[in-house]
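Structure first, commentary second.
The values are calculated or read from the model by the stated rules, or taken from the named source; none is laboratory data. Since this is a predicted model, take the numbers as computed values, not measurements. All Cβ positions, even for glycine, are placed from backbone atoms using ideal geometry, and neighbour counts span all protein chains on display. For the accessible areas, the whole protein counts, side chains as well, though only heavy atoms, and no ligand, DNA or RNA atoms are used. Shrake-Rupley method; radii C 1.70, N 1.55, O 1.52, S 1.80 Å.
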Amino acid sequence: MKPRAKDWNKIYLEGKHFTPVENKLVGRLLKFAKKRIGEKIKNVLDLGCGTGDFAVKLAKKGLRVVCVDFSPIALKIARENAQKGGVGRGIKFVKHDLEKLEKLKSPEKFDLAVHRLTFAFIKNKKRFLSSIRTLLKPGGIFALMTPVLLPRAAYSKHLKTISVKKAEVEQLLKGEFKKYVIFHRRPFGERGLEITYIVQNKKRA
């Protein structure tokens, strides 16, 4: 069952949060994205920002970040973390449901969009990915970090809930962006795997 906003509120009120993204990975991601785009990365969209760990690390690199989440508790904690990190002015926080991402109003297009660890909870994944294409600049980069399930492996019920089948996510990415790059992979949970996929929006002709 897809968690509701109040479910996430409870999780964050209990002090739970996702494993922090590694600083080294953030640096590698930005370097890779800059090389692909061919110019400096300026504006970043953090989709499902949670308590803001990823956004704070990006803002400390001098980037302007728009954080989107539908949990007001997560956004409250993320604002506090941004202030503590000294980057409160570099991050904008927006309460919005990712299931309705196509309705997100933004006066600007983004060089980079990131989405970490909650792709499994998106009900209409195809529509979500399609909406990201409209939010990115031509040639913009989308980084999807998600736990995946491999064929012929035994997984716990919990891991199955928070993960997507590797073949399924790759088929979706190819359907919307034509091709993808497996940028990074690391062990996740009990015999699980987290993969960072990178895709690029179509450039202007």
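Structural remarks
- Those residues of segment 100-115 which are without any contact (Cβ under 8 Å) to a residue 40 or more places away in the chain and open to solvent by less than 100 Å² (accessible area, probe 1.4 Å), in sequence order: E102, L104
- With respect to the conditions (1) surrounded by 21 or more Cβ atoms within 10 Å (Cβ to Cβ); (2) charged (D, E, K, R); (3) closer than 24 Å to I182 by Cβ, R36 falls short on a single one, namely (1).
- Checklist (1) open to solvent by less than 60 Å² (accessible area, probe 1.4 Å); (2) modelled with pLDDT under 95; (3) of a type in the set (D, E, K, R) applied to K125, failing item: (2)
- Only one of the numbered conditions (1) in contact (Cβ under 8 Å) with a residue 60 or more places away in the chain; (2) more than 17 Å from D53 (Cβ to Cβ); (3) surrounded by fewer than 20 Cβ atoms within 10 Å (Cβ to Cβ) is violated by H184, and that is (2).
- Test: L159 is open to solvent by less than 10 Å² (accessible area, probe 1.4 Å) and modelled with pLDDT under 95: yes
- Identity of the residue in segment 187-205, in contact with a His (Cβ under 9 Å, 6 or more places away or on another chain) and either loosely packed, with under 13 Cβ neighbours inside 10 Å or at pLDDT below 90 (or both), that ends up farthest from A33 (Cα to Cα): E190
- Pairs where the first residue, in segment 138-151, is surrounded by fewer than 18 Cβ atoms within 10 Å (Cβ to Cβ) and the second is modelled with pLDDT of 95 or more and not charged (D, E, K, R), C-beta under 9 Å, 6+ apart: P138/N201; G139/Q200; G139/N201; P151/A167
- Which numbered condition I73 fails, given (1) touching a helix residue (DSSP H, G or I) at 6+ places or on another chain (Cβ under 6 Å); (2) under 23 Å from L129 (Cα atoms); (3) in contact (Cβ under 8 Å) with a residue 60 or more places away in the chain: (2)
- For segment 39-55, the candidate set comprises residues that are in a helix (DSSP H, G or I) and not aromatic (F, W, Y); within that set, the residue that is most open to solvent (accessible area, probe 1.4 Å) is D53.
- Where a residue in segment 20-45 is in contact (Cβ under 8 Å) with a residue 24 or more places away in the chain and its partner, wherever it lies, is surrounded by 12 or more Cβ atoms within 10 Å (Cβ to Cβ) and polar (S, T, N, Q), with Cβ under 7 Å and at least six apart: R36/Q200
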